[in-house]
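Structure first, commentary second.
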Amino acid sequence: MDAEMTVVQEQAAEAPEMPEVLVSVRDLKKHFPVTKGALRRKVGAVRAVDGVSFDIMRGQTLGLVGESGSGKSTIGRTLLRLEEPTEGTVVFDGGDMAELSARGLRKVRPRMQMVFQDPHACLNPRMTVSSIIGEPLVEHLSMTSRERNERVEELLGLVGLNPEHANRYPHEFSGGQRQRIGIARAISLNPDLIVCDEPIAALDVSIQAQVVNLMEELQDLLGLTYLFISHDLGMIRHIADRVAVMYLGRIMELADVDSLYDNPLHPYTRALQSSAPVPDPAVEATREKIVLEGDIPSPSSPPPGCVFSTRCPEAVDRCRSEVPVWREVSPGHGVACHLVPAI
Amino acid sequence: MTVDPTPVLRVTDLTTRFNTQDGTVHAVNGVSFDLADGEVLGVVGESGSGKSVTMMSLLRLIPTPPGEILAGQAIFEGDDLLSMDLGDLRKVRGGKVGFIFQDPMTSLNPVVTVGDQIVESLAVHQPGRRKAMRLRALELLQLVGIPSPEERLRCYPYELSGGMRQRVMIAIALACNPKVLVADEPTTALDVTIQAQILELVKGLREKLGMAVIWITHDLGVVAGLVDRVLVMYGGQIVEDAPVDEFYAQPRHPYSQGLLASLPSATSRGDKLVNIQGQPPDLRSAPASCSFAPRCPHAFDRCDRENPVLAAVSATRKVACWLDEVPVLVGAQSDETAKGQVGHGR
């Protein structure tokens, strides 16, 4: 243990400010074709993700926030190559995901897992908990059934469930417990990256805190890297190291969590923060709210120029014609907006 | 806050059960509260705490069987909603009491235009000439801030976005100038920026029209900005009834303290979130003890023996907790002691 600690400290001393990049996404696009008629003629495309670039550092949590339809989940799925990207590259631990053959992909898959939003829908109701958690082990490792049962019990203990319940079915568990089963399944193969797609959105407030605490504990214990997708700005602030704000398939702003919350630069980030209600009547009564007009436009016909220009309270003519380029205004704090002055 | 001696709605001892194959579910157990004229009342609680069933029971909207309203009174303008003739109750539903449901997609009829759905409500309660009702529908769509309302009248629900559909629901609920508007998690299915629009709209409408509002939610942030008074429900009972400022400054019931402390904003980054241990109660047994006792960090032997009743602890507040005979508890948001009191981690 001591030897390990010194190694970690030495590594930390060598590179104090440069965490290792685990996932590097460059100019990623995912367009879904819109077809019409019996011949499935392509008449357009839904630009679910339209040119995003970001890095996820090993051992950190990148939060991805945005409204429904902004492309958050599609990014998560494309990262794991559950969707084929239309354009762009995803480099996972030095290897380009797009170049992998089916066999090569199968080798990488155990290292990247997913936790889903709906704990009622993502577990097979006809399988026992032990077979749900054991399935990845059967699929990717050659273990004897005894070794597997031991591993399943260990995993159940890790996520705070009683190992004696291994032979129960999902319907016998509450929502929070089911989400724990989903987490146990995701960590069963010791992955590097876990894409968490709104893992707490379907849970009650008091249970949300339990699940988030568990995820943080597991991150510390197993050195996990999370892509945490959520629309809950409060929870993202708590769990994330860096945050990317998405709107209509593009990243509007990306920064360290503190600089994003304390010094939001993009008008959309400010509006989003202002829309989130504060659980304090005194603050609510006095704070000024930015209420955006209208709805998020359809991703099949995004507006020209900046995609946010149709709802932006500060938009000028330039915003409606020219797409803002991504700029880094201070180290680690990037924004795509014409109105943010260069520093 | 409105101080009105005669409440517009007075509910006493409402008890609702569901007789299912797995046994009797005690969904609402002796709920009593008053709603003052023009007041906005927030009802918070987790899923299964009985928030929705309480409000549905008031208008007898729960399916019977399996549901059964065993006891209670709901006095609205001098009449008991729970015992009145069904024909009279129909005049109240959608007339003097408007209802907004959580999911605007499933509560609007998909094959009827928006305009016809609003007119339908008017035709039942305030029949008039079709043209006049059509004009009123147009006026309502303008009131709830729908752009180009003339065109929208002819739209079907699927042609509108979630926020627009919820505005239509509000327009239908407001069609007959209700005295009371019951909103059952109306913004839960919406994005935050759209939720902010709906909240501003409801605040504005309430000032303009002066109706009383019952707002059911599980979001303590929404409650803080909107309501005058908070009811906290747990296990089918009201455990705390307090003015909103006092509730956030100093929650009295251990469950309220736990709820407020478990919000991520109450914890500094890097610290573990405070959580309430355990699971919500199983409502299949009649509440003989305090239903929060198994999760309560302060529970003592009396909590397991007797179920506390909602009792006044000051002129404005009521709490259902035996602990209130013990000196005042600490506010959950204010300092570290509260965190220590409400179970930490595992």
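What follows is calculated from the coordinates using simple rules that are stated; it is not laboratory data. Source: prediction; values computed, not measured. Counting neighbours? That spans all protein chains shown, and the Cβs are built from the backbone with ideal geometry, glycine included.
Couple of notes before you dig in:
- Positive-end extreme of charge dipole, the stretch A:18-99 - chosen from A:33, A:64, A:82 (charges on Cβ): A:33
- With a cut-off of 18 Å on the backbone N, the residues of the stretch B:12-44 near the modelled label site 7 Å out from residue B:6 along Cα-Cβ are B:12, B:34-39.
- Once the Cβ-Cβ distance of residue B:111 and residue B:79 is raised to the sixth power relative to R0 = 51 Å, the FRET efficiency obtained is 0.90.
- Environment charge at residue B:146 (Cβ cut-off 14 Å; Lys +1, Arg +1, Asp -1, Glu -1): -2
- The loop-placed GluC sites (Glu not before Pro) in the stretch B:1-94, going by DSSP, that have at most 15 neighbouring Cβ atoms within 10 Å of their Cβ come out as B:77.
- Ordering of A:280-292, B:184-196 by packing [mean C-beta count within 10 Å, highest first]: B:184-196, A:280-292
- Total charge dipole magnitude, chain A, about the Cα centre, Cβ charges on Lys, Arg, Asp, Glu only, Debye to nearest 20: 1820
- Taking label points 7 Å from Cα along the Cα-to-Cβ direction, residue A:145 and residue B:203 give a separation of 6.2 nm.
- Cross-link pairs beyond the 18 Å C-alpha cut-off, checked among A:29/A:72; B:91/B:179; A:289/B:208; B:51/B:179; A:30/A:72; A:289/B:179: A:289/B:208; B:51/B:179; A:289/B:179
- About the centre of its Cα atoms, the protein assembly as shown shows a dipole size close to 2600 debye [charges on the beta carbon of Lys, Arg (+1) and Asp, Glu (-1) only; nearest 20 debye].
- The fewest-to-most ranking of B:57, B:52, A:300 by surrounding Cβ atoms within 10 Å reads A:300, B:52, B:57.
- Chain lengthening between residue B:285 and residue B:91 when straightened (0.36 nm per residue, less Cα-Cα): 66.2 nm
- Inter-chain Cβ neighbour average for residues B:118-130, partner chain, 10 Å: 0
- Helix A:129-140 axis, angle to chain A major axis (alpha carbon atoms, nearest 10°): 80
- Crossing angle, helix A:2-14 versus chain A [Cα axis fit, 0-90 degrees, rounded to tens]: 20
- Using C-alpha pairs under 8 Å with a sequence gap of at least 6, the mean separation divided by the residue count of chain B gives a relative contact order of 19 percent.
- Taken residue by residue and averaged, Cβ atoms of other chains lying within 10 Å of the Cβ of B:248-254 number 1.
- For trypsin sites (Lys or Arg not before Pro), no site in the stretch B:174-268 is both called loop by DSSP and has at most 12 other Cβ atoms within 10 Å.
- Antiparallel content of DSSP bridges confined to the stretch B:9-232, in %, to 5: 50
- About the centre of its Cα atoms, the stretch A:282-340 shows a dipole size close to 80 debye [charges on the beta carbon of Lys, Arg (+1) and Asp, Glu (-1) only; nearest 20 debye].
- Summing Lys and Arg as +1 and Asp and Glu as -1 over all other residues whose Cβ lies under 11 Å from the Cβ of residue A:89 gives a net charge of -2.
- Mean per-residue shielding of peptide B:277-283 is 3, counting Cβ atoms of other chains within 10 Å of each Cβ.
- Simple spin-label estimate for residue B:132 and residue B:159 in nanometres, 7 Å along Cα-Cβ: 2.8
- For the pair residue A:101 and residue A:127, the difference between a 0.36 nm per residue extended length and the Cα-Cα distance amounts to 6.3 nm.
- Neighbour net charge for residue B:119 - beta-carbon separation under 15 angstrom, K R +1, D E -1: +3
- Pairwise FRET efficiency - residue A:20 versus residue A:220, Cβ, R0 = 25 Å, nearest 0.05: 0.90
- Chain B: DSSP helices with Cα axial extent of at least 24 Å and average Kyte-Doolittle hydropathy no lower than 1.0: none
- Furthest towards positive pole of dipole, B:124, A:263, B:193, structure part the protein assembly as shown, Cβ charges: B:124
- Candidates B:133, B:320, B:209 compared by Cα position along the dipole of the protein assembly as shown: farthest toward the positive end lies B:133, with charges placed on Cβ.
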